[in-house]
């Protein structure tokens, strides 16, 4: 027992000596400081306790800030879910393609805060009911060839030709855009374009999960209407 006690005392003295010769130890090991239990007495122990308290306050502030961020993300996701529901209702309720195209552009502008929205299609046949303004001309297909052949939405600043073919007279105002390729079982192809005056709104490398979901929904809705339109034109 005596040997064990002496060994413990020797170890404590070594620890004390080390701390005395390395007064910045706790500055470099804040995680250790946060777990210490220091009696609130006089002398240097008080300053150490105050340092602990300050450290815990800082950690508490960081946790509160993180909680605030998580709450904000939850609110944003809830708003996004509501907007997606509204988009789904528009896609379901529109009967023909002449109803669907303007309604999609309207909901993108009003619900998703898009400065500009365009939806252009290229069909294997050219049925009635699709205006010239809503078509992807051969020149537009050439200008947007790379984007149309992607399997993911593209974000960034479109070329002047792309802006002109997609956004018409609004082309000079387009500082950034999200271009979402649409595919329709070989019968048609198209581009859903969301434009912004803000160059940072749709920057290269931005996440596209949400844009992908919009593209899938719009493609599926268009497929049904295009088939109906093509069948009517062939009758």
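Here residue 235 meets the list (1) modelled with pLDDT of 85 or more; (2) over 16 Å from the mean Cα position of the chain (by Cα); (3) loosely packed, with under 12 Cβ neighbours inside 10 Å almost entirely, failing just condition (1). Residues in the range 145-189 that are outside any strand (DSSP E or B) and under 14 Å from residue 204 (Cβ atoms): 9 in all.
Please tell me if residue 83 is at pLDDT 80 or above and surrounded by fewer than 16 Cβ atoms within 10 Å (Cβ to Cβ).
Values: at pLDDT 80 or above: yes; surrounded by fewer than 16 Cβ atoms within 10 Å (Cβ to Cβ): no.
When the stated conditions are applied, residue 83 does not pass them.
Per the conditions (1) farther than 16 Å from residue 219 by Cβ; (2) part of a helix (DSSP H, G or I); (3) in contact with a helix residue (DSSP H, G or I) (Cβ under 9 Å, 6 or more places away or on another chain), the sole criterion not satisfied by residue 91 is (1). For the range 122-144, filtered to residues that are touching a strand residue (DSSP E or B) at 6+ places or on another chain (Cβ under 8 Å), in a helix (DSSP H, G or I) and surrounded by fewer than 19 Cβ atoms within 10 Å (Cβ to Cβ), the residue that is modelled with the lowest pLDDT is 134.
The values are calculated or read from the model by the stated rules, or taken from the named source; none is laboratory data. All values reported here derive from a predicted model rather than from experimental measurement. Cβ coordinates were reconstructed from backbone atoms using ideal geometry, including for glycine residues, and neighbour counts include every protein chain displayed.
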